[in-house]
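Student: Pasting a structure below so you can have a look.
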Amino acid sequence: MQSFQSNDHSQHQTREHHQAYEQQWYAQQQGYGPVGAASQQGPAPQQPYYVAIPYPYASPNSGPGAESKLLAGVSYLGFWLTGLVLLLFVRENTFVRFHALQSTLFFGAINIYYIVFAFLLHNHVPFLIGFPAGLVFVLINIVGVIGWFVGFIGALAGKQSKLPFVGDRAQRMAQNPMATVK
């Protein structure tokens, strides 16, 4: 019986020691220093408390972070194909959606013009149609390169730089998720 009481007494002391240690640790974590030091110096000012929100739970309308800028830039690298892939897989971020839509619409239209003018040039259309078609083909290439640079640099800079003819439509579609392919 005596050994049981002494064992109970030692468990009680261990529990008290553990509770005192937890209180001291908690006070240090809150910025108050050791337990006895608070009365000598006064409480230390508390640091602001910030909580980092992990990626999957981040706000869908948050500003463009580094990952959003990178994904938006990637949407221009493979022209309309990477824009379409990002459009299908990144639905929450409106910044990435805007650039993916803009890339898909812009380079998709250029691709259609390529097919039309390549057909005109390949089938040996008369000179009066073929020569202007060749000039338009070169002009489309120049517009495509300029649009690529503007979109890519704007995406990496975190701006929603609108390309002509497709920028406004891409912005409307990015704001309304139901307007795109699901």
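Just so it is clear, none of the values below were taken in a lab; they were calculated from the coordinates. Fair warning: this is a prediction, and the values are worked out from it, not measured in the lab. Counting neighbours? That spans all protein chains shown, and the Cβs are built from the backbone with ideal geometry, glycine included.
Student: With +1 assigned to the C-beta of every Lys and Arg and -1 to the C-beta of every Asp and Glu, and no other charges, what is the dipole magnitude of segment 62-179 about the Cα centre in debye, to the nearest 20? Provide the component values of the computation, followed by the final result.
Tutor: On the way: 7 positive and 3 negative charges, 39 e Å.
Result for segment 62-179 is approximately 180 debye, rounded to the nearest 20.
Student: While we're on this one: Per residue of segment 73-90, in order, report the coupling 6.51 cos²θ - 1.76 cosθ + 1.60 (Karplus, θ = phi - 60°) as ³J(HN,Hα) in whole Hz, putting x for Gly and Pro.
Tutor: x, 5, 5, 8, 5, x, 6, 6, 5, 5, x, 5, 4, 5, 5, 6, 9, 10
Student: While we're on this one: What spacing in nm lies between the two simple spin-label points modelled at Leu77 and Ile112, each 7 Å away from Cα in the Cβ direction?
Tutor: 2.8 nm
Student: Quick one: plug the Kirkwood hydrodynamic radius of segment 62-179 (C-alpha pairs) into Stokes-Einstein at 37 °C, 0.692 mPa s, and report D in µm²/s. Kindly include the intermediate steps, with their values, before the conclusion.
Tutor: Values: Rh = 14.8 Å.
Value of D from the Cα-based Kirkwood radius: 222 µm²/s.
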